[in-house]
Amino acid sequence: MKNKVVIALGGNALGHDLETQKIAVKNTAKAIVDLIADGNEVVVTHGNGPQVGMINNVFTDYKKNNPGFQHMPLFTCVAMSQAYIGFDLQNALREELNARGIEKPVTCVITQVVVDKEDKAFENPTKPIGPFMTLEEAEACKMEGMDVVEDSGRGYRRVVASPKPIEIVEISTIKKLIKEGEVVIACGGGGVPVLKGEKEYEGIDAVIDKDFASSVLAEQLEADKLVVLTAVEKVAINFGKENEEWLSEMSVEEAKKFSDQGEFAPGSMLPKVEAASMFASSKEGRESLITSLEKAAEGLKGLTGTVIRK
């Protein structure tokens, strides 16, 4: 039976600059096409940390040298990063599919993701973006309505909120592409954060966690499995200690218990476990898998990785 699978790529699958990205996506494409060759219907999501930071910094530097230049919104930089990464990733996937004689189109969708303007995250922005600034530069950013904090004596940095995703704007388009047999790349960098108005969507500067966005996408697509890729083969408790234990499976309840006990690092494994649990608990029969890119195909066959189920 063919599974509909959403694969959330970790940052290590994409490289950190133009050259390393081109190399990284070729290796990534091989692992993804392995899943397609096994008969899975695949939708790919990805992070954008280094890439969106690079794009944002370029515009920040340009504004310094061109004072009349309007500030480039972060949500626009996210959209740019989706196209920048998607271009290389879809070409690498298409090349690998063709090399194996698999006729499947690949499409990257610039994806908007709705957030709630009342989300508590907007009351306390904590996600640092952009370069370090002097006090004078920080004050100028504040005058433009940005949130800025002092960073451990190293200077000042802009911070933005990281709200939870609610829904995928382009979901109907993505569904139609999947129905036509396409491999879809969507929700890059967690998606372009937008607020839903009565007649249109309005971009807002924020950073959406790509694993949570992937979970929402998987739920709206009625996927069978969500695969969250990371640097390790399995999730561990007591990580780095003598009683370290690598887990082959967890119930949603166990995942919450371990999370509450502080077993998973915030900003690292914790959001992956939480996002995986969110999808697994959304409907009977749904499962999430956390594993490495290299082990994804084995993981979907039940041979490795950490499975989270209701």
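Ordering 229-239, 24-34, 207-217 by mean Cβ neighbour count within 10 Å, with the highest value first, yields 207-217, 24-34, 229-239.
Accessible area per residue was computed with a 1.4 Å probe on protein heavy atoms; Y156 scores about 60 Å². Between F87 and W246, the modelled label-to-label distance comes to 3.9 nm, taking each label 7 Å out from Cα in the direction of the beta carbon.
Placing +1 on the Cβ of each Lys and Arg and -1 on the Cβ of each Asp and Glu in the stretch 86-209, which of P193, A161, I171 has its Cα farthest towards the positive end of the resulting dipole? Looking along the dipole axis, the top candidate is I171.
Between the helical axis of 210-220 and the dominant principal axis of the chain, each derived from Cα atoms, what acute angle in degrees is found, rounded to the nearest 10? For helix 210-220, the angle is close to 50 degrees. To put it simply, the accessible area of the chain at a 1.4 Å probe is 51 percent carbon and sulfur. Over all other residues within a Cβ to Cβ distance under 15 Å of K64, the charged ones net out to -3, with Lys and Arg as +1 and Asp and Glu as -1.
Remark: relative contact order (the stretch 171-310) = 25 percent; criterion is Cα-Cα distance under 8 angstrom and separation of 6 or more residues. Only Cα pairs under 8 Å and 6+ residues apart enter the sum, and on that basis the relative contact order of the stretch 207-252 stands at 22 percent. Note the angle between two axes, namely the Cα long axis of helix 269-280 and the longest principal axis of the Cα atoms of the chain, as a number of degrees from 0 to 90, rounded to the nearest 10. Result, in degrees: 60. So if we plug the beta-carbon distance of I237 and D151 into 1/(1 + (r/R0)^6) with R0 = 25 Å, what FRET efficiency do we get, rounded to 0.05? Approximately 0.20, to the nearest 0.05. If I compute percent of Cα pairs over 23 Å apart from the structure I just sent, which labelled value in [x] 54; [y] 57; [z] 65 lines up? Evaluating percent of Cα pairs over 23 Å apart on these atoms matches [y]. At an R0 of 45 angstrom, the distance between the Cβ atoms of K2 and M72 translates into a FRET efficiency of 0.60.
Once you have a ≥ b ≥ c as the square roots of the Cα gyration tensor eigenvalues for the stretch 145-268, tell me rounded if a/c is under 1.5, and otherwise prolate or oblate according to whether a/b is larger than b/c.
Because a/c hits 1.5 or more and a/b fails to exceed b/c, the stretch 145-268 counts as oblate.
Residue ranges 143-150, 114-121, 181-188 sort as 181-188, 114-121, 143-150 when ordered by packing (mean number of other C-beta atoms within 10 Å per residue, highest first). Angle of helix 74-99 to the longest C-alpha principal axis of the chain, folded into 0 to 90 degrees and rounded to 10: 30°. Here the sum of -39500 (n - 2.57) over DSSP H runs of 4 or more residues, divided by the residues of the chain, equals -12000 deg cm²/dmol at 222 nm, to the nearest 500.
The values are calculated or read from the model by the stated rules, or taken from the named source; none is laboratory data. Since we're looking at a predicted model, the values are computed, not measured. With ideal geometry, Cβ positions are generated from the backbone for all residues, glycine too; neighbour counts draw on all protein chains shown. Side chains are part of the model used for accessible areas, which takes the heavy atoms of the whole protein and leaves out ligands, DNA and RNA. Shrake-Rupley method; radii C 1.70, N 1.55, O 1.52, S 1.80 Å.
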